[in-house]
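Asker: Quick one: the structure is below, and I'll ask about it shortly.
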Amino acid sequence: MNMKEDHPMHLKAYKYRLYPNKQQEEYLSKVFGCVRFIWNRMLDEKMNATGHIPQVTPAQYKEEYPWLYEVDSLALANTQLHLEKAFRNHFRDPKRFKKPSFKKKRNEQSFTTNHVNGNIKIDFDNSTVKIPKLNIPIKVKFHRKFEGTVKSVTIRKKPSGRYYVSILVEEKIEPLKPVYSACGIDVGIKDFATITQGNGVTKKRIHKPNPEYLEKSKMMLTKLQRQLDKKVHPRRKGDKTKKSKNYIKYAKRVAKLHEHVSNQRLDFLHKLSSTVIHENQVIVVEDLNVEGMLKNRHLAKTISSVSWSTFINMLQYKADWYDREFIKEDRFFASTQKCSKCGYKNPLLKDLSIREWICPVCGTHHDRDENSSDNGYEVALIRLKQLVGQELPEPTPVERDNMDDRMATYLKSEPSLKQEATTSTSGR
């Protein structure tokens, strides 16, 4: 949380809908196939290698498979880099990153190409994007413009048949004006987020209900999947039955509905995370063991659909963009069990079915989620006091109006606070 005259450069991706014609679809399909082939071939060689794993590049396959010359060489090179990164992540943290698996044609297809010597051209006036090896620019729906240096372009084809382009741009993002507010966030299932925020003088609590987009589409999804299962298609592994046209048609309908639910969820998460970042200078979130929670078969589907990890990641990178303070509580910090009034730790709250309790020491009635967000708020408030450099007194109306100016003046003289806090709290 420091005021900087020279704003640092950040990488930001802009996603748009693509509308390729038939000729362009054929080329994109060819690139998807070549990228998938390189990934699967390299993965197979690594998995079957005994002893030393040979270092092979996509260029070495071109003599044996000359049709690889027909697609962008940067897309093939990036495939090798992505595979190596996937292995490094898996070896570093096997619990978090799974071992790389073979790519299938029926799943989402994608490739990435880098911006080198003007090989990628973005035309906002004509709403087109030009990529290597394709002479005719592809039509794009630019719903917003960007400024900065284009680093790379990723093109995706969803199972629904829709195409999207993600343009990675390096640009300066101006930090938000400092605000005299901090918040603690508890995520849950019934209420997606319980937020306690304030400045030490005034405090409010916000309950954000879980939108349950998947549950609302469940009836239609079940109907479509039943109709899909009735169509002619392979029933088991090794079955040579071809998929009928009706099967392909209904499979796209199911994929479009899943994509619609995913878009609804992302829209909700982006709007909520942006609101939290704009309204608070310090944000404290509990560090959840989501992987462990998913082992509970009664809650796994619901937990997956609420996307807690995605929401927390959004808060983290937006805080970095806009010069906010993001803190993850220690995973073993008993934010739910600890009384936010007197600090008593209730050992009986390990059972998730207990949603309310009364502190035997101070007699305060607690809601489980509200108490957790209150404890997070106290941590955020302590950090806010450190950033402002003073205890929070009862402000007069005039002082309250001048709080932002007082904070800005202090921040100019304390440039290293955020870096120290980031170093001590970024245990990913």
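The values are calculated or read from the model by the stated rules, or taken from the named source; none is laboratory data. Because the structure is a prediction, the values reported are computed rather than measured. Don't worry about glycine lacking a Cβ; one is built from the backbone with ideal geometry, like all the others, and counts go over all protein chains shown.
Asker: So, restricting to helices (runs of 4 or more DSSP H) that lie completely within the stretch 209-313, which ones have at least 3 residues that are within 17 Å of the chain's Cα centre (by Cα) and without any contact (Cβ under 8 Å) to a residue 40 or more places away in the chain?
Answerer: Once the helices (runs of 4 or more DSSP H) in the stretch 209-313 are filtered for at least 3 residues that are within 17 Å of the chain's Cα centre (by Cα) and without any contact (Cβ under 8 Å) to a residue 40 or more places away in the chain, what remains is 245-279.
Asker: Something else: Checking C183 against (1) crowded, with 22+ Cβ neighbours inside 10 Å; (2) under 20 Å from the mean Cα position of the chain (by Cα): exactly one of these is not met. Which one?
Answerer: Checking C183 against (1) crowded, with 22+ Cβ neighbours inside 10 Å; (2) under 20 Å from the mean Cα position of the chain (by Cα), the one that fails is (2).
Asker: Given the conditions (1) within 27 Å of the chain's Cα centre (by Cα); (2) part of a strand (DSSP E or B), which single one is not true for K204?
Answerer: (1)
Asker: Hey, among the residues in the stretch 321-348 that are of a type in the set (G, A, S) and in contact with a helix residue (DSSP H, G or I) (Cβ under 6 Å, 6 or more places away or on another chain), which one's modelled with the lowest pLDDT?
Answerer: By that ranking, first place goes to S335.
Asker: OK, next. Return the residues of the stretch 57-84 that are assigned to a helix (DSSP H, G or I) and in contact with a strand residue (DSSP E or B) (Cβ under 8 Å, 6 or more places away or on another chain); say none if nothing qualifies.
Answerer: If the condition is that a residue be assigned to a helix (DSSP H, G or I) and in contact with a strand residue (DSSP E or B) (Cβ under 8 Å, 6 or more places away or on another chain), then L74, A75, N78, T79, H82 are the ones that fit.
Asker: Would you confirm whether any residue within the stretch 71-85 is of a type in the set (D, E, K, R), surrounded by 10 or more Cβ atoms within 10 Å (Cβ to Cβ), under 30 Å from M293 (Cα atoms) and at pLDDT 90 or above?
Answerer: Yes: one or more hits.
Asker: Take V140 and decide whether it is farther than 27 Å from F37 by Cα and touching a strand residue (DSSP E or B) at 6+ places or on another chain (Cβ under 7 Å).
Answerer: yes
Asker: Continuing with this model, one more query. Is it the case that the stretch 25-34 has a residue that's of a type in the set (F, W, Y), in contact (Cβ under 8 Å) with a residue 24 or more places away in the chain and outside any helix (DSSP H, G or I)?
Answerer: no
Asker: Where residues in the stretch 9-41 are touching a Ser or Thr at 6+ places or on another chain (Cβ under 8 Å) and farther than 20 Å from S166 by Cα, which of them is surrounded by the most Cβ atoms within 10 Å (Cβ to Cβ)?
Answerer: Top of the filtered list is I38.
Asker: Okay, next question. Pick out the one residue from I358, I382 that is among the hydrophobic types (A, V, I, L, M, F, W, C), within 16 Å of Q281 (Cβ to Cβ) and either at pLDDT 75 or above or surrounded by fewer than 17 Cβ atoms within 10 Å (Cβ to Cβ) (or both).
Answerer: I382
Asker: Among V150, V140, V179, which is in contact (Cβ under 8 Å) with a residue 24 or more places away in the chain and assigned to a loop (DSSP other than H, G, I, E, B)?
Answerer: Step by step, each of V150, V140, V179 is checked, and only V179 is in contact (Cβ under 8 Å) with a residue 24 or more places away in the chain and assigned to a loop (DSSP other than H, G, I, E, B).
Asker: If you don't mind, there's one more thing I want to ask. Any residue that is outside any loop (DSSP other than H, G, I, E, B), surrounded by 11 or more Cβ atoms within 10 Å (Cβ to Cβ) and either touching a Leu at 6+ places or on another chain (Cβ under 6 Å) or not assigned by TED's automatic domain parsing to the domain that holds Y19 (or both) - is there at least one of those in the stretch 112-120?
Answerer: Yes - at least one qualifying residue is present in the stretch 112-120.
Asker: Here's another thing I want to ask about it. Any chance you could count how many residues in the stretch 85-111 are farther than 30 Å from V254 by Cα and part of a helix (DSSP H, G or I)?
Answerer: Of the residues in that region, 7 qualify.
Asker: Among the candidates L68, L83, L76, single out the residue that is closer than 30 Å to K243 by Cβ and under 21 Å from the mean Cα position of the chain (by Cα).
Answerer: So the residue among L68, L83, L76 that is closer than 30 Å to K243 by Cβ and under 21 Å from the mean Cα position of the chain (by Cα) is L83.
Asker: I'd like the residue in the stretch 86-111 that is under 21 Å from the mean Cα position of the chain (by Cα) and of a type in the set (A, V, I, L, M, F, W, C) and, out of all such residues, is surrounded by the most Cβ atoms within 10 Å (Cβ to Cβ).
Answerer: The extreme case among them is F111.
Asker: Evaluate the following for K62: is it touching a helix residue (DSSP H, G or I) at 6+ places or on another chain (Cβ under 9 Å), assigned by TED's automatic domain parsing to the domain that holds I155 and under 30 Å from R383 (Cβ atoms)?
Answerer: No.
Asker: On to the next question. Among the residues that make up the stretch 50-60, is at least one of them at pLDDT below 95, of a type outside the set (F, W, Y) and within 26 Å of G161 (Cα to Cα)?
Answerer: No, that holds for no residue.
Asker: Here is a further query. Please verify whether the stretch 331-343 includes one or more residues that are under 25 Å from K204 (Cα atoms), β-branched (V, I, T) and within 17 Å of the chain's Cα centre (by Cα).
Answerer: No; the residues of the stretch 331-343 include none that is under 25 Å from K204 (Cα atoms), β-branched (V, I, T) and within 17 Å of the chain's Cα centre (by Cα).
Asker: Still on this structure: Of everything in the stretch 238-281 that's of a type in the set (D, E) and under 30 Å from P175 (Cβ atoms), which residue is surrounded by the most Cβ atoms within 10 Å (Cβ to Cβ)?
Answerer: So, considering only residues that are of a type in the set (D, E) and under 30 Å from P175 (Cβ atoms), the one surrounded by the most Cβ atoms within 10 Å (Cβ to Cβ) is E279.
Asker: I'm trying to understand the selection: among the residues of the stretch 42-56, which are assigned to a helix (DSSP H, G or I) and farther than 15 Å from A75 by Cβ?
Answerer: If the condition is that a residue be assigned to a helix (DSSP H, G or I) and farther than 15 Å from A75 by Cβ, then L43, D44, E45, K46, M47, N48 are the ones that fit.
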